[in-house]
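We did not get these values from a lab; they are worked out from the coordinates using the rules stated. From a predicted model like this one, the values you see are computed outputs, not experimental measurements. Here the Cβ positions follow ideal geometry from the backbone for every residue, glycine too, while neighbour counts run over all protein chains shown.
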Amino acid sequence: MLLVTIMIPVPNPFTPKTGWEPKIIVGRDSDLEFFSRKLYEARRGRCDHFIVTGGWGMGKTSLLMKYKKIAETHHVFTSFVSINEFSRKNTDLDGVKYLIEQIPRRFPLPLAQLKNFMKEMKALDVEVIGRGLNFSAKVEGIHPQTLLTDVLLALWQDIQEHSEAGVILLDDVQNFQPINSLFTILKNVLTDEQIIKRTKFLFILSSVPAGWEKFLAKHHPIGRYFSPRIQLQKLNKADMKKVILANLEDTGVEFEEEVIKRVIHHSEGNPYQLQQACASLYDKQIGGKVSLIKKNEVEDEIF
Ligand SMILES: Nc1ncnc2c1ncn2[C@@H]1O[C@H](COP(=O)(O)OP(=O)(O)OP(=O)(O)O)[C@@H](O)[C@H]1O
Ligand SMILES: [Mg+2]
């Protein structure tokens, strides 16, 4: 009898695509601890909304997704919304419509169970189609601030018996930038007396630094409101090495020490660059080994 052993390669463990959960998160201990504190406070009624800023690939989405997981371990409802790109043609109302369409459907309850929210939609003649909303002319006559306030109040009534707080994660809020006063509306809604007294929503935003720059002017009301700000720092060398070794664990694949050194050097503390370079190099393994063959092997893998 002929025995054939087929080697099935271990799938590439690196996670260069945004949204792919990294095997381990390094260098973010204080940012995670900060969130745990804010979550604890929110569950007791003190919602200290804040923003996370970081350049491209620095780990904003990954951190927000980790926040979501932490909240879920405390049985707190979360809604994770990636903000779409808007243009100057869009209005405040478009931004608010987007939020009220996205936030409810990302809570872990079917829309039909969000009774107060559905009642609110019905009163506004908004048709709920599947998980989307068909906005009516009636909505056009309402101030966006009032609309968002009313929807959040209704949503809180719906979730409060299931959850001690509601964590709303808005990823990439720089995409709201062309809509001039959306952040002012958001701030005004969150400072509304009824929202403060009757709801426990904690908003966490993320943005590239350029998208938040204008709010950083001294005493700017928006910058002050969503502070303290978490600025994502570059990963240090030891942490980057930890990521590489943790990902390679149990794969049977080894990176030569010089490869690791060069990846760390060339990815410059950027988690995306690190993951992307390692993912490409991993695919080039020969017999479970990744070693330097060409002079610029590592450099070529980094954009
Ligand atoms: N702290 C970390 N430790 C290890 N890997 C990380 C860390 N943060 C992010 N990563 C990895 O780096 C990649 C890029 O991270 P992420 O997509 O979260 O960054 P981003 O700042 O949201 O990027 P973008 O600018 O595309 O929005 C992810 O695929 C993730 O696997
Ligand atoms: Mg992102």
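For residue 140, what is the net charge nearby, where nearby means another residue's Cβ is under 13 Å from its Cβ and Lys, Arg count +1, Asp, Glu -1? Show your work: numbers first, answer last.
On the way: positive: 97, 138; negative: 92, 94, 125.
With Lys, Arg at +1 and Asp, Glu at -1, the neighbours total -1.
How tilted is helix 92-105 with respect to the longest principal axis of the chain? Cα atoms for both, answer in degrees (0 to 90, nearest 10).
The angle comes out at about 70 degrees.
From the phi angles alone, apply the Karplus equation (6.51, -1.76, 1.60; θ = phi - 60°) to the range 282-290 and give each ³J(HN,Hα) in whole Hz, x where the residue is Gly or Pro.
So the Karplus estimates, Gly and Pro as x, are 4, 5, 9, 4, 10, x, x, 10, 10 Hz.
Relative contact order (percent) for the chain, with alpha-carbon contacts under 8 angstrom and 6 or more residues of separation?
Values: 444 pairs, mean separation 82.9, N = 303.
In percent, rounded to a whole number, it is 27.
How many angstrom lie between the Cα centre of the range 133-168 and the Cα centre of the range 75-112?
10 Å
Report, in deg cm²/dmol and to the nearest 500, the calculated mean residue ellipticity at 222 nm for the chain, where each DSSP H run with n ≥ 4 adds -39500 (n - 2.57) and the sum is divided by the residue count. Let's see the in-between values first.
Working: 14 runs with 137 residues, N = 303.
Computed mean residue ellipticity for the chain: -13000 deg cm²/dmol.
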